[in-house]
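Worksheet for the structure shown next.
Just so it is clear, none of the values below were taken in a lab; they were calculated from the coordinates. Note that the structure is a prediction, hence the values are computed from the model and not measured. Cβ coordinates were reconstructed from backbone atoms using ideal geometry, including for glycine residues, and neighbour counts include every protein chain displayed.
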Amino acid sequence: MMLGSGRILLERPEALRSFRVRKVAPKALLIANLGLAQLRRYGRDDLLRLVEALEADALAFHVNPLQEAVQRGTRTSGAFWRGSPNSSPSPSP
């Protein structure tokens, strides 16, 4: 079972209760999830803390550059797009 993005949990630890599913799915494969762009902000210790807090079996990184480009409140660096972060997106090869 892929859990929702753990970014909110890293930013607001009080959100943990909404991620607690291990008790209701004790044998399920639980996969923590974080946006690849978040690796600029969070390090190894943060990732381990996320996996441990969620009692996850694995960690997956999602890549969604279009969402990152248009999502309100998200700062983009242009890492996924050619040109500047303010230019119209054209996917990188």
Cut-off under 5 Å, modelled amide H: who pairs with G35 long-range: G6, R7, H62
Check: region 2-62 dipole with +1 on Lys, Arg Cβ and -1 on Asp, Glu Cβ, in debye: 120
For region 18-33, in order, what is each residue's ³J(HN,Hα) by Karplus, 6.51 cos²θ - 1.76 cosθ + 1.60 with θ = phi - 60°, in whole Hz (x at glycine and Pro)? 7, 9, 6, 10, 4, 5, 8, 9, x, 9, 6, 6, 9, 10, 5, 9
What does the net charge come to around A25 if you take all other residues with beta carbon closer than 14 Å to its beta carbon, with K and R at +1 and D and E at -1? +2
Counting Lys +1, Arg +1, Asp -1, Glu -1, what net charge surrounds A56 among other residues with beta carbon under 15 Å of its beta carbon? +2
